[in-house]
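Written out below as structure tokens is the structure these notes cover.
The values are calculated or read from the model by the stated rules, or taken from the named source; none is laboratory data. Note that the coordinates shown come from a computational prediction; the quantities given were computed from them, not determined experimentally. Reconstructed Cβ throughout: ideal geometry from the backbone, glycine too, with neighbour counts over all protein chains shown. Ligands, DNA and RNA are excluded from the accessible area calculation, which covers all protein heavy atoms including side chains. Shrake-Rupley method; radii C 1.70, N 1.55, O 1.52, S 1.80 Å.
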Amino acid sequence: MGCADKYEEAKTEIAAIYHENKGRYGYRRITTALYNRGIHLNHKTVQRLMKQLGLVCRV
């Protein structure tokens, strides 16, 4: 029984927030932005998903 990715929606939102802010948002600010959009995830989860998507904050 194939289980779909339970973070699929979160991943698309993370990528959207990241690109809206031209890659200047790290996991902390993305976590806050997700909260404002109604997606409540732990910061460690957001950090892990960003790593999987290959998103790195540009300083």
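A few remarks follow.
- Among the residues making up the stretch 42-59, those that are open to solvent by less than 100 Å² (accessible area, probe 1.4 Å) and not aliphatic (A, V, I, L, M) are Asn42, His43, Thr45, Gln47, Gly54, Cys57.
- Among the residues of the stretch 25-36, not a single one is in contact (Cβ under 8 Å) with a residue 40 or more places away in the chain and assigned to a helix (DSSP H, G or I).
- Qualifying residue in the stretch 26-41 (condition: among the aromatic types (Phe, Trp, Tyr), open to solvent by 80 Å² or more (accessible area, probe 1.4 Å) and at pLDDT 95 or above): yes
- If you filter the stretch 1-25 down to residues that are closer than 15 Å to Gln52 by Cβ, loosely packed, with under 15 Cβ neighbours inside 10 Å and among the charged types (D, E, K, R), you find that the one that is modelled with the lowest pLDDT is Asp5.
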